[in-house]
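Computed from the coordinates by the stated procedures, all read-outs in this text should not be read as laboratory data. Here the structure is a predicted model, which is why all the values come from computation and not from measurement. Cβ placement follows ideal geometry from the backbone for every residue including glycine, while neighbour counts extend to all protein chains displayed.
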């Protein structure tokens with residue numbers, strides 16, 4: 001099965017003034033999720049004990065915190081590995097541009 005990074009669409013999980021979150025659950029054990037983080041917004045920040053994640057940034061520019069590594073810049077094409085239990089948060093500091101990233105995780109959504 002082939003999907004495009006900017007077209008992960010399957011099921012809208014959350015949609016509000018902060019972001020749109022869409023999950024593709026075609027696989028048994030992994031979820032491929034797309035987040036569209038609206039201008040001047042940030043994710044709430046969270047961690048998952050027992051779960052690793054991989055983020056790939058598709059478009060826009062932002063800032064991210066992962067564990068003790070705080071405030072590093074992310075750009076299209078960047079891949080960020082999030083270790084088991086590490087706190088992570090994404091910030092979109094643009095006034096006009098959406099920040100879009102794709103996340104892969106083991107199929108249990110904790111947020």
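What the table shows:
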{"item": "Mean Cα-pair separation over length for the chain, i.e. relative contact order, pairs under 8 Å, 6 or more apart, %", "result": "32"}
{"item": "P(r) weight above 22 Å for the chain, C-alpha pairs, percent", "result": "25"}
{"item": "Modelled FRET efficiency - R0 30 Å, residue 17 with residue 84, Cβ distances, 0.05 increments", "result": "0.45"}
